[in-house]
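Heads up: the structure comes next, in structure tokens.
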Amino acid sequence: MNGDGKGSVVARIPLRKRLLVRLLIASALIAVCSVAATAWLAVETTTRALREEQGQDLADDMDILAELSGYAATHRDWKGVQDLVGALAARTGRRIALTTTDRVLVADSAPHGSPLPPGAAATVDPLHTDTYTQPGAQLSGIDPRAVGPYLLPAAERDRLDALAGRRQACVGRYGLRATIIRTPSGRPVLTGADGTDIATETPDECADGALTTPTATERKAIDALTRRARPCLDGAGLTPRLPLLLTFDSTGRSVPDRYVLAKLARPGHPGAAQKAQDCVDEARRAQLDPYVAPVAELFLGGGDRVAPRFDMSPANKAKVVGAAGLVLAVTVAVSAVVALRLVRPLRALTEAARQPPEQHVRVPVTTRDETGLLALAFNALTERRERLEAQRKAMVSDIAHELRSPLTNIRGWLEVARDGVVDPDPGLLASLHDEAVVLQRVIDDLQDLAAADAGTLRLHREPVNGGDLLDQVAAVHRVAAATAGVTLRTEAGDGCMLDADPVRMRQALGNLVSNALRHTPSGGTVTLAARRDGEEAVFTVTDTGSGIAAKDLRHVFDRFWRAEKSRSRRTGGSGLGLAIVRHLMAAHGGTAGAESEPGAGSVFTLRLPAAAERNK
């Protein structure tokens, strides 16, 4: 350490950049976002629930009004409506009360004596309604279930049912699918598959007009309606032009004849068609009035239904703020504990990394999480650095030794030659040349290793045949093998092609062959083989030499390593050949490996990516 103490390391880190502070800030932000998201979700959920509740209330209100309007349309008074009011209240959970227009109670689902709601929700009047969705109600404002004198007796209903059946069969023969529906008055009506009127598509054979012709009951009611509407039509100047005032349409309403309306809609009669329809609708209301219940006021209350409430009163706000504060406090506390556990081993790593390199300090591994893995990696890095330092010192010593020996020999011979002790004859010059060759070989090997370490080792790739490569290497070492009394053989398989630098490949294989020849006694064999193994080209150099001990096998590719320390540089080489082989293979994207047993020889294997096979 530099004597600053542990606190000085932390003191030099700005507060905002300390891991503990950043973890606390991150946890606080996460908590704030979580609280805000939860509050937003609660508000949105409550709002949606309120909207759905309001929509359901509105749908229930419409159903209640439709049911009561239907009752009024089919009854002359409100007697007996209490049962319907009770059933509707039980189904919807609402309080339902009916009063006359002057607030006289007619029916109520609440106990007797319960006060009415402040205001009426709607007016129940089947002759003036715009809330009923049945066909015809929106046009005339009259509930179509109010039929009064238009209600067909059983005999007429049976006759019309028979006509409707024949009409359905007739249009069916022309491929038209018709459905028979019954209007509130009891009259059957034919509609298409989608509920539309098929009158415009009915073939002439089937359009005999019998089904749409008013019955005696309907004719009587229509005549009465015509008499009621005549004063209004006379006032509008429409009566003289009406050959047939009224007819009966497919929805059960009495309307002016279509032909008459078409005439009245012409430019010469602006607004006449609508005026005629208004006159008929007013007359029909007067005609139906005796048959429907009097106008009533509808009151609706909450009943037993508990509507959701979202009350942001000061008390509720205080609860929300308190809960949010508690969440923030717990989050910050937990984050502080976790952050301290994370920061403590990191500070230990920092202090260890600040120690002098020669001390190689390790840190204790106290956890099994990512921080513990980081501590393990740091200790492994320290051990690797220690080994590299030892290798560096050994390498410097080895290089000095390898260079000192030939230089000492050269200097010694030159000094004795200068002093005239010996003459510079050819033998002396040959000895000096041998020492210079050894020195040059060591320097070349060191230059190759330096280029490999610096990543500047250049390769000139080209297609290379494995068999040709083995023949070239064997030819170079054939003389040396013969001199040593060793048999040199080659074995090449088919299709062993690769994209590689042939010079560097000959150098790598040559180093392996030279190493095998030095360690193989006379009478032994060195075999060079090449084969294809899937997507790889595999080269092996096998010898029958002395082999390598298992404890030494993992060091064979280290620099300046020799299995036998007693070997000289002349018999054992510079100790760099196999290291160069490993680097050359790495530059080609391959690997180098060795297998050996003492006394049984060694096998060195080179694996490289094979080239794609070419069509012959």
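Determine which residues of region 351-366 fall in the zone a paramagnetic label at E383 would reach in this model, i.e. backbone nitrogen under 19 Å from the point 7 Å along Cα→Cβ.
352-353, 358-366
Could you order V280, V603 so the one with the most accessible surface comes first? Probe is 1.4 Å. Display every interim value, and only then the final one.
Working: V280 0, V603 45 Å².
Largest accessible area first, the list is V603, V280.
I want to check the label-to-label distance for R362 and A318. Put each point 7 Å from Cα in the C-beta direction and report it in nm to one decimal.
According to this spin-label approximation, the distance is 6.1 nm.
Let me check I've understood the local charge: for R489, count other residues with C-beta under 12 angstrom from its C-beta, Lys and Arg +1, Asp and Glu -1. What total comes out?
Surrounding charge for R489 is -2.
Quick one: accessible surface of S514, probe radius 1.4 Å, all protein chains present, in square angstrom to the nearest 10.
Near enough 40 Å² of accessible area.
By the scheme Lys and Arg +1, Asp and Glu -1, what is the net charge of all other residues having a beta-carbon under 10 Å from that of A236?
Numbers: positive: K275; negative: D234, D278.
With Lys, Arg at +1 and Asp, Glu at -1, the neighbours total -1.
Once the other residues with Cβ under 15 Å from the Cβ of H477 are scored (Lys, Arg +1; Asp, Glu -1), what is the net sum? Before the final figure, lay out the partial values.
Numbers: positive: R478, R489, R506, R518; negative: D471, D543.
Result for the neighbourhood of H477: +2.
Going from most exposed to least, what order do W40, W78 have by accessible area with a 1.4 Å probe? Present the calculation step by step, with values, prior to reporting the outcome.
Numbers: W40 155, W78 30 Å².
My answer, sorted largest first, is W40, W78.
At a probe size of 1.4 Å, how large is the accessible area of I25, to the nearest 10 Å²?
90
Taking amide hydrogens as modeled 1.01 Å from N in the peptide plane, which residues meet the under 5 Å criterion relative to A500, leaving out close sequence neighbours?
E462, V464
Give me the tail of P(r) for region 418-520 as a percent: Cα-Cα pairs with distance above 17 Å.
Values: 3566 of 5253 pairs.
In whole percent, the long-distance tail amounts to 68.
Subtract the Cα-Cα distance of D77 and V104 from 0.36 nm times their separation in residues, and report this length gain in nm to one decimal. Mind dumping the intermediate values first?
Values: separation 27, 0.36 × 27 = 9.72 nm, distance 1.41 nm.
Roughly 8.3 nm would be gained on extension.
Rg (Å, one decimal) plus Dmax (Å, integer) for the alpha carbons of region 75-122?
Gyration radius and largest Cα-Cα distance of region 75-122: 10.7, 28 Å.
Nearest 5 is fine: what % of DSSP beta bridges in region 467-556 come out antiparallel, could you say? Could you put the intermediate results ahead of the total?
Numbers: 8 of 14 bridges.
If we restrict to bridges inside region 467-556, about 55 percent are antiparallel.
Heads up, I need the accessible area for E67: 1.4 angstrom probe, whole protein in place, Å², nearest 10.
Its accessible surface works out to 80 Å², give or take rounding.
The values are calculated or read from the model by the stated rules, or taken from the named source; none is laboratory data. Note that the structure is predicted; figures quoted are calculated from it, not measured. Neighbour counts run over all protein chains shown; Cβ positions are idealised from the backbone, glycine included. SASA here: full protein model, heavy atoms, side chains in, ligands and nucleic acids out. Shrake-Rupley method; radii C 1.70, N 1.55, O 1.52, S 1.80 Å.
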